[in-house]
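The values are calculated or read from the model by the stated rules, or taken from the named source; none is laboratory data. Computed from a predicted model, the values in this text were never measured in an experiment. Cβ: placed from backbone, ideal geometry, glycine included. Neighbour counts: every protein chain shown.
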Amino acid sequence: MKKSVSPLRSLLPALIVLALLALVPLLSPSNRLLSLAISAGINIVALYGLSVLFGQTGILSMGHAALVGVGAYAAALLARDFGVGFWVALPFGGLFAAVAAAIIGIPSLRVSGHHFVIMTFAFGQLLTIILTNGGDYTGAATGLDLQFPVTLFGHPIDDLPFYYTLVFAMVTVSAIASWAIINSPYGRTLRAIRENEKLAASLGINVGRHKIGAFIVSGVFAGVSGVLLGYFLRHISPMQFASFPSIYLALMVMIGGARLLLGPIAGGILVSFLPEIMNLDPVESRILYGVCLIAVILLLPNGVIAGLMAGWRALFGPSRNGSGAPTAAGQTSGAER
């Protein structure tokens, strides 16, 4: 008999890793490394939304960076036109990105497979064109500045260690929210759609409504990530949310693994830090990303973390169950849904 795994146990490894990452400022890293870590954390927030969409529902979006852009531009416009600061912009950025996801999802999810990928890719390009031609309102190709710093109890806080702690607090919230979705009845419904859409529909599940719902949920994560990115860079422009950033996000979630809570963390860190560690220029970085993606698809289709876990079980786990029969190598653990 297969031993069940507590849902809380699947959350614990991610929380331990995040607690260790929260201690990074105590090591007094350089501003360069700390900035890379902040960028990785901001990406991880968006990746947790993409993991709900791709990992749980089986839908891959190639326009996810556009939803990040909606959150970033919402924060910049709210600050410029209404004097709204970071803490108020944070939920509004998620809300506006969720609305944008619904607008994209309703027509796009009428198709599936590569047709959906193409439509989301086209939306990312369309948003870039709109922002570039938005005149003074969107800052055109130059973009917009975020005029207000992040404040805490009325005091502006600009130093990198604080912002790093803030970002990884949001990563922790995103991980817990993703875990709650995965282990909820809604998460089980999304997995039923992923495994067999026609069977799920025959059981009375409204497949279209739940797909749109998953897209909206992923938009909330992306919008929050956009607000964090805007206030970190203090300047945003349309090209930051075009097609290549969306491809990078898809690459991160595929490399790390979309079905495990540690997957977005691993993907975000690996893609952000590998070029720095290997001292690669932008062109060489893109070549490396392509090689990594091909290697993951061929050798580790469930991502690096799932591959490492499978290797660990193969080397150190029990090879037979309690009755003496070999265990099924393809069984999915409670941590991987």
Residues of the stretch 108-133 classified as surrounded by fewer than 18 Cβ atoms within 10 Å (Cβ to Cβ) and among the small types (Gly, Ala, Ser), total: 3
Some residue of the stretch 144-155 being part of a strand (DSSP E or B) and charged (D, E, K, R): yes
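The rows are residues; the columns are (1) crowded, with 16+ Cβ neighbours inside 10 Å; (2) closer than 16 Å to residue 166 by Cα; (3) modelled with pLDDT under 90.
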residue	(1), (2), (3)
1	no, no, yes
5	no, no, yes
9	no, no, yes
14	yes, no, yes
20	no, yes, no
24	yes, yes, no
28	no, no, yes
35	yes, yes, no
39	yes, yes, no
Filter result (in contact with a helix residue (DSSP H, G or I) (Cβ under 6 Å, 6 or more places away or on another chain), farther than 30 Å from residue 111 by Cα and either β-branched (Val, Ile, Thr) or exposed (fewer than 13 other Cβ atoms within 10 Å of the Cβ) (or both)) within the stretch 165-199: 167, 171, 172
Pairs where the first residue, in the stretch 138-157, is under 15 Å from residue 232 (Cα atoms) and modelled with pLDDT of 85 or more and the second is assigned to a helix (DSSP H, G or I) and not β-branched (Val, Ile, Thr), C-beta under 6 Å, 6+ apart: 144/76; 146/76; 146/79; 146/230; 146/231; 150/86; 150/231
Which listed residue is loosely packed, with under 15 Cβ neighbours inside 10 Å, farther than 15 Å from residue 65 by Cα and touching a strand residue (DSSP E or B) at 6+ places or on another chain (Cβ under 9 Å), from 153, 162: 162
Count of residues meeting criterion [polar (S, T, N, Q) and either surrounded by 23 or more Cβ atoms within 10 Å (Cβ to Cβ) or modelled with pLDDT of 95 or more (or both)] in the stretch 205-236: 2
Unique match (being touching a Ser or Thr at 6+ places or on another chain (Cβ under 8 Å) and either over 22 Å from residue 158 (Cβ atoms) or surrounded by fewer than 24 Cβ atoms within 10 Å (Cβ to Cβ) (or both)) among 67, 78: 67
Residue satisfying condition, being buried (at least 17 other Cβ atoms within 10 Å of the Cβ) and in contact with a Phe, Trp or Tyr (Cβ under 7 Å, 6 or more places away or on another chain), within set 105, 143, 58: 105
The stretch 303-337, residues that are at pLDDT 80 or above and in a loop (DSSP other than H, G, I, E, B): 303
Checklist (1) assigned to a loop (DSSP other than H, G, I, E, B); (2) in contact with a Cys (Cβ under 7 Å, 6 or more places away or on another chain) applied to residue 255, failing item: (1)
Neighbours by Cβ (under 9 Å, 6+ apart or cross-chain): first from the stretch 95-111, small (Gly, Ala, Ser); second modelled with pLDDT under 85 and surrounded by fewer than 15 Cβ atoms within 10 Å (Cβ to Cβ): 108/115
Selection count where residues are part of a helix (DSSP H, G or I), under 23 Å from residue 57 (Cα atoms) and charged (D, E, K, R), scope the stretch 258-288: 0
Sole exception among (1) in contact with a Gly (Cβ under 8 Å, 6 or more places away or on another chain); (2) exposed (fewer than 14 other Cβ atoms within 10 Å of the Cβ) for residue 202, by number: (1)
